[in-house]
Amino acid sequence: MDSELKKKLQRQAAKIRMNIIDAVYGAKSGHPGGSLSIADTLTYLYFAKMHVDPKNPKMKDRDRFVLSKGHCAPGLYSTLAERGFFDVSELKKLRQVGAMLQGHPDMKHTPGVDMSTGSLGQGISAAAGMALAGKIDSAGYKVYTILGDGELEEGQVWEAAMFAGHNKLDNLVAIIDNNGLQIDGKISDVCSPMPITDKFAAFGWHVITMNAHDFDSIEKAFDEAEKIQYQPVAIVQTSVKGKGVSFMENNAGWHGKAPNAEQYEQAMTELKTAMAAL
Amino acid sequence: MADIIKKATRDSYGEALVELGKVHDDLLVLVADLADATKVEGFKKAYPERFFDCGIAEANMMGIAAGLAAAGKKVFASSFAMFAAGRAYEIVRNSIGYPHLPVKIGATHAGISVGEDGASHQCCEDIALMRTIPGMTVINPSDDIEAKAAVFAAMDIDGPVYIRFGRLAIPVINGFDGYKFEVGKGVTLKEGADVTIIATGLLVCEALEAAKTLEADGISARVINIHTIKPIDEDIIIKAAKETGLLITAEEHSVIGGLGSAVADVVTASTPVPVVKIGVNDVFGHSGPAPELLKEFGLSAENIVKTVKASMSLKK
Ligand SMILES: Cc1ncc(C[n+]2csc(CCOP(=O)(O)OP(=O)(O)O)c2C)c(N)n1
Ligand SMILES: [Mg+2]
């Protein structure tokens, strides 16, 4: 990747990570772990890849994004705010009475949110539906969706995988956030959905793997995805849950919990230090 | 006044399961990646070999529970109400309800009091869904004591049972002398002659408070706790209809299909009197702290008082 662009994206991702911590801390609840693990991917999608216009969020030919793992809304909201879909100050009101930003994404009230999600397993079906609509209309847009690795345990995910494979939805890209953790612990201990890559391949998908915290790897994966025809694409990203905040990293305890004041300070200090080093 | 003890009924559920696990050494518990939130974590720790995490797969979990029960096992299956009753509805109906298998469903995080997670997780339809299934017992406990009693009682029911628990800590109100939990039997918590407030779940406490305020304003309100929505206690409802001539129902659930509808079903057939329903008025919830949301959606003593006063003129 162009080194200028890489630096820009890294800074943007660092900013988004700070916003995530700010928002969850302000709300005193929410899901930091899985938001931090997708921060770089969201940054790449919204700042280097997707055809969207924050001033015209319902633009007809826009690329669509569905956060199938809807609990990671703080990640999406922070990205949308940074991209200009709404004011960053909205993040401070996350999850409060009267707030635009709901605990889980609400397409009726939040500009830039293309699908309401929160119940795991449903987003990928809606994304496949949008991709099918694009095919019917011969529209050029792409549909991106991010799923959790725990989310793969929902049977509906595989019904959607079958449908997308059968209908050759090559305008659909599903990113699997393989951070190895769900609520009750390691995905391999709870009820293993492994192997992930072979399963998607078996349903007729083109499968790509990438490092979720390396923009060279991310760019390479999305470039490859772009070229695939007659198959939906699954990008399985190896990620670190809680990435960027030392005490949250690889710790299932930080799935859905807000930091206290002291932890907040430490998290922000770490993120600011990382930003300054860029 | 003694300090009010508050406890979430999901905690009561978790504790009761550990107790049950002691008595029934063949009891199994299933969960769908929510061991701590649904409080079955205690059972998991105490009896790891009798605990199975099904992963984030609620529909399959209900099917597994059905199979276990069909093979003679005693089983509780747990998730949030949204996913236990909602996501898995048709499996519960066809694999558990239709064959009348004794699967016990422990559904936590019911209603608007889920709070910050917002509408996608605030299930206000579960009572309606579950009560339409023939043979399903539906219980919505009003506090810690009743929640535990319901779990123990469910164990002895030879058929499917759905028990609804909450996330929010609520006052313990049933610690009085003579409290007895009987499936299908309502509890008259306060006598009254002018109106009857029929409440369930966390609204029972609010109904008691409302009755006190009303008393001071010269309205004698009877308060009935209906913990078992199905089979419902028809006798206590008909008696209240005859004696007070006006029924106000209160529940943390949609006004469509819940307690209010069940009560109306009872009286329209035999003793038609006005039934005024307090509940979630056919809208989705939203994010916010649970206590604020309960007020906003009118699930409060204050709104019960207001509704009673506004409804008194309906009496013939
Ligand atoms: C259908 C459904 N069941 C349960 C939940 C509760 N829940 C929220 S997040 C989560 C774990 C998700 O794990 P994973 O998909 O791996 O997400 P990540 O690690 O990226 O946060 C669960 C069980 C839900 N939101 N939807
Ligand atoms: Mg995960």
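The values are calculated or read from the model by the stated rules, or taken from the named source; none is laboratory data. Since this is a predicted model, take the numbers as computed values, not measurements. Here the Cβ positions follow ideal geometry from the backbone for every residue, glycine too, while neighbour counts run over all protein chains shown.
Working carefully through the options B:Asp143, B:Asp156, B:Asp194, find the one that is under 30 Å from B:Glu243 (Cβ atoms), modelled with pLDDT of 95 or more and surrounded by fewer than 20 Cβ atoms within 10 Å (Cβ to Cβ).
B:Asp194
Any residue in the stretch A:201-219 that is over 21 Å from A:Tyr44 (Cα atoms), within 14 Å of chain B (Cβ to nearest Cβ) and at pLDDT 95 or above?
no
Would you please name the residue that is nearest to ligand 2 (Cβ to nearest atom), looking only at residues in the stretch A:254-278 that are of a type outside the set (A, V, I, L, M, F, W, C) and surrounded by 13 or more Cβ atoms within 10 Å (Cβ to Cβ)?
Ranking the qualifying residues of the stretch A:254-278, first place goes to A:His255.
From the list A:Lys58, A:Lys93, A:Lys28, exactly one residue is without any contact (Cβ under 8 Å) to a residue 24 or more places away in the chain, more than 16 Å from ligand 1 (Cβ to nearest atom) and of a type in the set (D, E, K, R). Which is it?
When all the criteria are applied, what remains is A:Lys58.
So that you can scan it fast, the table gives a plain yes or no per residue for (1) aliphatic (A, V, I, L, M); (2) within 15 Å of ligand 1 (Cβ to nearest atom); (3) touching a Leu at 6+ places or on another chain (Cβ under 8 Å):
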position: B:Glu58; (1), (2), (3): no, yes, no
position: B:Met62; (1), (2), (3): yes, yes, no
position: B:Ala69; (1), (2), (3): yes, no, yes
position: B:Ser79; (1), (2), (3): no, yes, yes
position: B:Ile91; (1), (2), (3): yes, yes, no
position: B:Gly97; (1), (2), (3): no, no, no
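Residue check: is B:Asp265 acidic (Asp, Glu) and in a loop (DSSP other than H, G, I, E, B)?
So B:Asp265 does not fit the description; no.
Which of the residues belonging to the stretch B:98-127 are surrounded by fewer than 23 Cβ atoms within 10 Å (Cβ to Cβ) and either of a type in the set (Val, Ile, Thr) or more than 14 Å from chain A (Cβ to nearest Cβ) (or both)?
If the condition is that a residue be surrounded by fewer than 23 Cβ atoms within 10 Å (Cβ to Cβ) and either of a type in the set (Val, Ile, Thr) or more than 14 Å from chain A (Cβ to nearest Cβ) (or both), then B:Tyr98, B:Pro99, B:His100, B:Leu101, B:Pro102 are the ones that fit.
Only one residue in B:Gly298, B:Gly257, B:Gly201 is outside any helix (DSSP H, G or I) and farther than 27 Å from B:Val151 by Cβ, so which one is that?
B:Gly298
Check the stretch A:215-230 and report whether any residue there is surrounded by 20 or more Cβ atoms within 10 Å (Cβ to Cβ) and within 16 Å of ligand 2 (Cβ to nearest atom).
no
Hey, among the residues in the stretch A:103-130 that are part of a helix (DSSP H, G or I) and free of Cβ contacts under 8 Å to residues at least 40 places away in the same chain, which one's nearest to ligand 2 (Cβ to nearest atom)?
Across the stretch A:103-130, the extreme among qualifying residues is A:Ser125.
For the stretch A:98-139, which residues satisfy the criterion of being under 21 Å from B:Asp117 (Cβ atoms), more than 11 Å from chain B (Cβ to nearest Cβ) and charged (D, E, K, R)?
A:Asp114
Per-residue answers, yes or no, for (1) part of a strand (DSSP E or B); (2) closer than 21 Å to B:Gly21 by Cα:
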position: B:Ile133; (1), (2): no, no
position: B:Ala147; (1), (2): no, yes
position: B:Ala154; (1), (2): no, yes
position: B:Gly159; (1), (2): no, yes
position: B:Tyr162; (1), (2): yes, yes
position: B:Tyr179; (1), (2): no, no
position: B:Lys185; (1), (2): no, no
position: B:Leu189; (1), (2): yes, no
position: B:Ala193; (1), (2): no, no
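What residue, among those in the stretch B:268-290 that are over 18 Å from the mean Cα position of the chain (by Cα) and not in a loop (DSSP other than H, G, I, E, B), is nearest to the other protein chains (Cβ to nearest Cβ)?
B:Val276
Among the residues of the stretch B:16-50, which ones are more than 14 Å from every other protein chain (Cβ to nearest Cβ), of a type in the set (Asp, Glu) and in a helix (DSSP H, G or I)?
The answer is B:Glu19, B:Glu49.
Pick from the stretch A:158-170 the residues that are crowded, with 24+ Cβ neighbours inside 10 Å and touching a residue at least 60 places away in the same chain (Cβ under 8 Å): which of them is farthest from ligand 1 (Cβ to nearest atom)?
Among those that are crowded, with 24+ Cβ neighbours inside 10 Å and touching a residue at least 60 places away in the same chain (Cβ under 8 Å), it is A:Leu169.
Can A:Asn260 be described as on the phi < 0 side of the Ramachandran plot and within 16 Å of ligand 1 (Cβ to nearest atom)?
Considered against the rule, which asks whether it is on the phi < 0 side of the Ramachandran plot and within 16 Å of ligand 1 (Cβ to nearest atom), A:Asn260 comes out as no.
Residues that are within 14 Å of the chain's Cα centre (by Cα) and within 16 Å of ligand 2 (Cβ to nearest atom): find the helices (runs of 4 or more DSSP H) completely inside the stretch A:1-102 holding 3 or more of those.
Once the helices (runs of 4 or more DSSP H) in the stretch A:1-102 are filtered for at least 3 residues that are within 14 Å of the chain's Cα centre (by Cα) and within 16 Å of ligand 2 (Cβ to nearest atom), what remains is A:32-37, A:39-44, A:73-83.
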